[in-house]
Amino acid sequence: MILKFVEKIGVSFLGSCQVLRDGTMLLMETLYWIFIAPFQPRIERRKPIDVKAVTDQMVFMGYDSVIIVFFVTFFTGIVLAMQSAHQLSRMGGVIYVASLVTISLCRELGPVLTALVIAGRVGAAITAEIASMKVNEQIEALDTMAISPIRYLVVPKFIALLFMLPLLSIVGDAFGILGGYVVGVYNLHINSGLYLQIAFKFLTLKDVYTGLSKAMIFAVIITLVGVYQGLKTQGGAVGVGRSTTKSVVTSFILVILADCLMTGIYFFTGN
Amino acid sequence: MDLSQDKVLSTQRIFKSYNNRQVLEDVSFDISHGEIFVIMGGSGCGKSTLLRIMAGGVVPSHGEVIFSGKDIGRIAGEEKERIRRKFGMSFQSAALLDSLTVEENVSLPLKEHTRLNKDVIHIIAMMKLKLVGLQGFEAYMPNELSGGMKKRAGLARAIALDPEIVFYDEPTAGLDPVACAVIDQLILDLTKKLNITSIVVTHNMESVFRIADRVAMLYQGKLLQVGTVEDIRNSPNPIVQQFIHGSIEGPIQMEDKLSEAIF
């Protein structure tokens, strides 16, 4: 009984090590194709990075996600403003709703909420695409044609999300601040100019950087988890569904975990 | 045809096991230039694995696959890529990239591996499509094609880079008899016209007798016999005889599997 339990722990520990190792390999190979391969002498290979594939992915991941990001962050801004107004009014500091909303959005909520939305929308799409290619032998076909699936499929997605997620976070920050502004001006009757002045008075560039650095890490997590789950898929349509679910759930957990870790680092280093 | 010609590919004592299950045991044979070599055997006998080992996609547990003096399983990187560019592979499911049109699929290897300009690539792709009888379908998406047409498009892609060897994984599986005959004829034509070597995995006996120059019979991961079509037809081996005649009675026992499946 106890032995079995220990055995189970051992097996899952080894499994986690395997996942970690495979994930690192995937990251290394992706980075190789982005940073090293383009600068190596090429004999027959034409273009290591397909610019058109990257821009296509940017449109899908970035531009097409603006609306859903708007809905999530705008209403979060509203809710945040109302909740904090309720608390701050007791201390007679309703005016500070503006800076509270702005700073918490830029440092924290903007990047995290955007990342979660994107993990659901883009992460799932990445996994579903790669998983169905895997079960239909298309990944193997690329491999036999000596076309690296990492270079052909993963690199454009990786680059695109690495740029688009920080951009979307900024857009999300702006929408959230707008939500707060709407509550502040039309509900709490703070003067519009004053609201904006207070909103940006305490906001430093460092707050924005912090948020953006998080967004970049989240982008790496979402792409890698999506691709990893996709490439690991086995067993037809059911397998594709299972991988997609796993990808989204894993991304969610890892995004929150990474956020906690990074906030901790910034907190304890005084940034 | 003279079979003592120079050999292009040879497998030497191939063993392969997955999770302690022996899939291939001691498989060795040579394949000569320009022949159609068919590997036949029942489902799960390891023939697809053997094909993938020969094509360099799977590394054997033991043994070597020699192509132009190199062991395919032991090379890596640029060298392996260079060798694999001389191979074409036609997949059971055709494996066309479904986000690309037929023409884009065929031109993909050319785009990725050559410095030819767009117009030249277009011309080559159209030529390959014509070879497999798919002119006029270049703008179609793979999901708009029938099974047989997908296979042919996959074949056009496999020969896009003028390979030395083309591997076929179950080229006629799931096709109607006429489409089967068309694919078989195509394999024959391409092999002879383009002077390539074809290695075909199939369990379709009609196909085997139509196209094969030589046949290897695989049974439970072991090589039973390698020979010409005549050798196989007149084989004294009861397993081979049962397989080519598709009879229920014989040394290949399916009852166990059947009863397991039913109960």
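Working note: Karplus 6.51/-1.76/1.60 with θ = phi - 60° gives region A:24-29 the couplings 5, 4, 4, 4, 4, 5 Hz, where Gly and Pro are set to x. Answer with one residue from A:Phe71, A:Gln57, A:Ser132: the one whose Cα lies farthest towards the positive end of the charge dipole of region A:57-209, charges on Cβ with Lys, Arg +1 and Asp, Glu -1. Ranked along the dipole, the leading option is A:Phe71. Computed from the C-alpha gyration tensor, the three semi-axes of the ellipsoid equivalent to region A:54-133 are 35, 11, 9 Å, from longest to shortest.
Mind jotting down a quarter of the surface of the convex hull over the alpha carbons of region B:93-149, in square nanometres, one decimal?
So the mean shadow area of the Cα hull is 3.9 nm².
Put in order of Cβ neighbour count within 10 Å, fewest first, the listed residues A:Thr245, A:Thr114, B:Thr49 become A:Thr245, B:Thr49, A:Thr114.
Within region A:2-71, the trypsin sites (Lys or Arg not before Pro) that combine a DSSP coil assignment with at most 13 other C-beta atoms in a 10 angstrom radius are A:Arg42, A:Arg46. In chain B, the convex hull through the Cα atoms has an average projected area of 15.7 nm², a quarter of its surface area. Mean-square fluctuations from a GNM of chain A, with a 10 angstrom spring cutoff on Cα atoms, peak among A:Leu109, A:Leu205, A:Leu167 at A:Leu205.
The alpha-carbon atoms of region A:69-215, seen along their principal axes, cover 69, 25, 20 angstrom, with the largest extent given first.
Across the alpha-carbon set of chain A, the Rg to Rh ratio works out to 1.07, Rh being the Kirkwood radius.
With an 8 Å cut-off on Cα pairs and a minimum separation of 6 or more residues, tell me the relative contact order of chain A in percent. That works out to 30 percent. Taken along its principal axes, the alpha carbon cloud of the protein assembly as shown reaches lengths of 101, 68, 42 Å, longest axis first.
Coordinate-derived values only; no laboratory data. Everything numeric in this text was worked out from a predicted model, so none of it was measured. Every residue, glycine as well, gets a Cβ built from its backbone with ideal geometry; the counts of neighbours run over all protein chains shown.
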